[in-house]
Every structure is written in structure tokens, then in C-alpha cells.
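Here is the structure we will look at.
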Ligand code: NI
């Protein structure tokens, strides 16, 4: 292992990573529209003479071939898209988003900068790399169907024969110099649903001549919450959230229709499907009893992020060498947020982990998708070094 060497290279390229991250932060682009971001990444990879593949319209893959020719293929993945959100940033004034209503409030700018730093490190150590490294700059993590899914569907990675894939996400809950990781389920399946309750509109003063969809929607919201508490094994983590309700136009009108959209978080497709059926049954029962109508639509999201045991051991070992064993935080419980990294894990062994990026001094204290989300850039020293060191770890023989 080249831990010391890799660490000193991560220090050497630290300023560059900061600059790259700030450039990307200033110029965010939403999912599937990452055209300038992609061009920028390609320019940076070209400076290193790294070969570039473009299996999707946006995003790209840097193909770094080691001098030790073997058929090992290690994939490192960063996501590159921003969110449709208006940024607020006392701590980011210098590099605040120049694109109205779009901002890197999930840290994907830092993931991209970190992987470009890793590219620099690996390029210097090319003589010692055994096999090929794929540097995946993936578009559209934030929006269904998901760039991870689309990339897997092209068959590109299967053709390359990926042996293992690693990905990370910045985490405000840990400090730079720490990582969070666990074997098995790490992040939930996020499925979506849409409900329409269609009643009969009229004057607010004559409710008896109408079928009020607002009252029915209120009943539905409350009843849907009993699914998690009454129909699911209490030891199984489940969340059902209705995130948006819209209906009505004025204080004295009963509207025709109320729309609701929401998300279901689980760790199995079976549970997600069961919940979806329960929601529809509840809505059907409530609307039928009031002579109203409904529509219900279930949109399957990403699978759950589920870390491969042996590859998780590799990350834990590498990280322990870089930051010390006590800074490798083994998470006890999975979290209910979703990640399209899960699609890669359907195809290949893989590990996703959290890179500590929280810090009071730069206001990196807000959760993901908060308009003030920020990362402590110190995290690059650990993140880039760790991603690079994973490339040098032996793989289990016969895939285990
Ligand atoms: Ni994210």
C-alpha cells in the first residue's frame, strides 16, 4: 500500500479540488442538463491525458489504464447534478450559484471535485496500478429514472467487466477526517405515489350540494399514516410521507379535486408494493363511501443501497490506514434517504459510504437539500486519498 504517498498527493491537489468545487458550485445544472458541467470535467480529464467515454448524453467516464496490465476493473463513482432550489449562503458568497433557482445543495459539486482529485493522484501512480480504473461522473442522481439506472442499462459497465464499484456522499453529520459506513442495507428504496381525489365542487356555504375532496383528502392523509403503525412489522423501518397537497382556489369555494404526492421509504420491493396497495385501498374506501372518485399512481424509484460485505471490509481497512480506526464510524442503522448508486449494486459488488463534511466554521451544519447546504472542503483530503487507495487493494479471488 502507498498510504503515505497517496496522502501527500491528496494534500498536493487539495487547492485544485477546492477550485474545481467552487467553479462547479458557481455553475450548477439540474439533472439531465449537465452539459457545461460535463464539458468542464472532460477538459480536466484531458489535461491528465485520461481517455474519455460518453455512454450517456451528459456525464462521462474517465478510463485510466494502469501500467500493470491485468483485467481488473475498479469503478469509482461521483454524481454531478444540482437541485432546483434557490441557494441561501452566507458562507458561500465567494462562489454562490450564478444560476437562478439552481444550486448544489446536496454536495455533488464536492463529489465531482473529489473524484477529479482522485484522478490526479491515480495518474501520478499509474505505473503501479494493476488493471483499469473507471472514473464515473454520473449525471442525474436526483431525478427518476436516475442516471445510475440509465448508465447500467447501456451495458457499458458490464462490457468493461467491473469487479467492484465505490461511491461516497458528503455528510454534514460527520466531520472531515471521518467516514460513516455499514455492511448490508445503508439507504432506503424511495418510491413515489400520486393521488387525485375527485369530488364535486360548489359553494362553500352549501356543502350538502357538493362532494368535498378537501375533507376526503384530510381523512386519507390520516388513515394512510396507520399503514406504518398498524400494518407493518414494527421492527421493519418504513416511512410514508405526503409531501404536497394541492386543491382549491378561494376561501368560499369547494374545489372539484385535490392532488397529493408522496414518497414511500422501505428496504424491500415487497414491502413497498404492499404499502402501495394499502394506500390505494384506503383512498378507494374513503372516496367510495362519499360518492367521490380517485386516481392512484405508483412510481417505482431506486432500489435500496445494499453494501457488499467483502468490499465494505476493504473500505474500512483502507480508511483505517488513512484516518485511523476510531474515525471510521460504523453506522448502526440505515438511513431512509435514497440513492441511485443502488442500481450499480444490482449489477456489481459495491460500497457506498459517507464522507464527513460537516463544519461549524463554514456553516456546513444543514441537512442535504437545505438551501444553506455546504461542505467543509477539508473533507477532500480524506475523500480523494481514500478513493485512490481503494484502487490498490487486492480483490477476493473468485469474487467470493
Ligand atoms: Ni446527493
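Brief remarks on what is shown
- Complete set of residues in the stretch 13-45 that are over 29 Å from residue 88 (Cβ atoms) and touching a residue at least 60 places away in the same chain (Cβ under 8 Å): 13, 45
- Scanning the stretch 294-326 for residues that are touching a helix residue (DSSP H, G or I) at 6+ places or on another chain (Cβ under 6 Å) and farther than 29 Å from residue 344 by Cβ returns 294, 296.
- The residues in the stretch 1-58 that are under 26 Å from the mean Cα position of the chain (by Cα) and part of a helix (DSSP H, G or I) can be counted, and the count is 25.
- Any hit, the stretch 70-78, residues being at pLDDT below 95 and surrounded by fewer than 16 Cβ atoms within 10 Å (Cβ to Cβ): yes
- Answer from 384, 319, 337 - the residue that is over 25 Å from residue 65 (Cβ atoms) and buried (at least 23 other Cβ atoms within 10 Å of the Cβ): 319
- Test: residue in the stretch 192-205 that is surrounded by 18 or more Cβ atoms within 10 Å (Cβ to Cβ), within 16 Å of the ligand (Cβ to nearest atom) and within 21 Å of the chain's Cα centre (by Cα): no
- The residues listed here are 143, 160; of these, the one that is within 12 Å of the ligand (Cβ to nearest atom) and surrounded by fewer than 18 Cβ atoms within 10 Å (Cβ to Cβ) is 143.
- Flag for residue 380 being farther than 18 Å from residue 163 by Cα and more than 16 Å from the ligand (Cβ to nearest atom): yes
- Looking across the stretch 315-333, the residues that are under 27 Å from residue 146 (Cα atoms) and modelled with pLDDT of 95 or more come down to 315, 331.
- Scanning the stretch 90-102 turns up no residue that is within 16 Å of the ligand (Cβ to nearest atom) and part of a strand (DSSP E or B).
- Scanning the stretch 167-178 for residues that are within 16 Å of the ligand (Cβ to nearest atom) and crowded, with 19+ Cβ neighbours inside 10 Å gives 167, 168, 169, 170, 171, 172, 174.
- Residue 116 more than 16 Å from the ligand (Cβ to nearest atom), under 22 Å from the mean Cα position of the chain (by Cα), in the same structural domain as residue 8 (by TED's automatic domain parsing) and assigned to a helix (DSSP H, G or I): yes
- Qualifying residues in the stretch 125-139 (those that are away from the ligand (no atom under 16 Å from the Cβ) and not in a helix (DSSP H, G or I)) - the one farthest from residue 56 (Cα to Cα): 125
The values are calculated or read from the model by the stated rules, or taken from the named source; none is laboratory data. Please read these numbers as outputs of a predicted model, since none were measured by experiment. Backbone-built Cβ (ideal geometry, glycine too); neighbour counts: all protein chains shown.
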